[in-house]
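> Here you go, one structure.
The values are calculated or read from the model by the stated rules, or taken from the named source; none is laboratory data. Everything quoted here is computed from the prediction, not taken from an experiment. A quick note on method: Cβ atoms are made from the backbone with ideal geometry, for glycine too, and the neighbour counts reach across all protein chains shown. Just so you know, the surface numbers come from the protein's heavy atoms only, side chains and all, with ligands and any DNA or RNA stripped out. Shrake-Rupley method; radii C 1.70, N 1.55, O 1.52, S 1.80 Å.
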Amino acid sequence: MTVEPHPLKPYPAASEARPVYEIARVSKTYARNQLVALSDVHLTIHKGEFVSVIGSSGCGKSTLLKIMAGLMPPTTGRVVLEGKPVVGPRRDIGMMFQQATLLPWKTAIENVLLPIEIREGKAAARASHEKAMDLLRLVGLGDFANVYPGELSGGMAQRASICRMLVSDPAMLLLDEPFSALDELTRDFMNMELQRICMERHATAFLVTHSLAEAVILSDRILVMKARPGRIVEDVRIDLPRPRTLDMINTSRFGEIVAHIRDLLGREAYS
Ligand code: ADP
Ligand code: MG
């Protein structure tokens, strides 16, 4: 297929939507080794936007995500989500990591309800049962609600952890290489599922990845990071139309974007 040079966006151009996350002058120096992991990061993410951060291993991506999640304080600067400073873990932030981290002694649906059970107790978890079922159906796991993680494939376990992330209706999804442990075909499929879920729910997302193709196919903007000190060197707008499809990978526009970002990253190897 061909890609129009100035395609229309399916939802309001994200830059015109209201800011959800505001990160200003954030830096992080790890006390233990005096390593400057982040230096002067500024970033605004708008409602409904899908933003990725890409960069070589060790450039500070996870550090940035942990600070955004409130799991770690920055050395300087501030992080504001929905008008309120992030000073610790919050209900309106949903997170997903490389490993699904499901509890093996709980069923899929019990794992999905776990964040509610931990925060609000068993009664609140029971009250959210139907909602958890709806989410499991949304990701194609409707028939697996009562199955234990040991009986789920890697892709299915990650889909259950998507449900667990979404169950508390977070304003913001923070994803740290969520599908990088999956085989390539499953990963492509999961990325398309993630796009569908984000579009259906008008979710705002921030994805850490080291796959350039994955970042381009999913994102409205890609932040290119470099190491020592970790910093954002460019904010690249991805003007491919939505919904994205895997065959866009073969378009000339996709190739141009990839080449541009590869150039920014230098001679490091990216796939
Ligand atoms: P990325 O996710 O891009 O691979 P990280 O944010 O994990 O990078 O790490 C950035 C840099 O900070 C790396 O050099 C890493 O070794 C260092 N680092 C990460 N966590 C810690 C820590 N807890 N203490 C000291 N140094 C750390
Ligand atoms: Mg990391």
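> Just to check your reading of the model, which residue among LEU138, LEU113, LEU102 is touching a Pro at 6+ places or on another chain (Cβ under 6 Å), buried (at least 18 other Cβ atoms within 10 Å of the Cβ) and under 23 Å from CYS198 (Cα atoms)?
LEU102
> Within the bounds of the stretch 180-189, is there any residue that is within 16 Å of ligand 2 (Cβ to nearest atom) and not hydroxyl-bearing (Ser, Thr, Tyr)?
yes
> Follow-up question, since we're still on this one. Is there any pair with a first residue in the stretch 176-188 that is modelled with pLDDT under 90 and a second that is open to solvent by 30 Å² or more (accessible area, probe 1.4 Å) whose Cβ atoms are under 6 Å apart and which are 6 or more apart or on different chains, and what are they?
PHE179/ARG187; SER180/GLN98; ALA181/GLN98; LEU182/GLY154
> May I ask you to say which residue of GLU177, GLU184 is over 14 Å from VAL112 (Cα atoms), in contact with a strand residue (DSSP E or B) (Cβ under 7 Å, 6 or more places away or on another chain) and in the same structural domain as LEU65 (by TED's automatic domain parsing)?
Only one candidate qualifies: GLU177.
> Looking at GLY266, is it at positive phi and open to solvent by 10 Å² or more (accessible area, probe 1.4 Å)?
yes
> Mind telling me which of the residues LEU223, LEU173, LEU265 ends up being among the hydrophobic types (A, V, I, L, M, F, W, C) and over 17 Å from the mean Cα position of the chain (by Cα)?
LEU265
> I would also like to ask the following. I'd like the full set of residues that are at pLDDT below 95 and either within 16 Å of ligand 2 (Cβ to nearest atom) or under 21 Å from LEU173 (Cβ atoms) (or both), limited to the stretch 22-46.
If the condition is that a residue be at pLDDT below 95 and either within 16 Å of ligand 2 (Cβ to nearest atom) or under 21 Å from LEU173 (Cβ atoms) (or both), then LEU35 is the only one that fits.
> For the stretch 231-243, which positions are open to solvent by less than 10 Å² (accessible area, probe 1.4 Å) and either touching a residue at least 24 places away in the same chain (Cβ under 8 Å) or within 16 Å of ligand 2 (Cβ to nearest atom) (or both)?
Within the stretch 231-243, just LEU240 meets the criteria.
> Could you identify the single residue in ARG201, ARG228, ARG221 that is open to solvent by 60 Å² or more (accessible area, probe 1.4 Å) and closer than 27 Å to GLY58 by Cβ?
From the options ARG201, ARG228, ARG221, the qualifying one is ARG228.
> Then there is this: Can you name the number of the only condition in (1) crowded, with 22+ Cβ neighbours inside 10 Å; (2) away from ligand 1 (no atom under 16 Å from the Cβ) that MET192 fails?
Every condition holds for MET192 apart from (1).
> Among GLY58, GLY88, GLY83, which is surrounded by fewer than 15 Cβ atoms within 10 Å (Cβ to Cβ), over 19 Å from LEU166 (Cβ atoms) and within 16 Å of ligand 1 (Cβ to nearest atom)?
After ruling out the rest, the residue left standing is GLY58.
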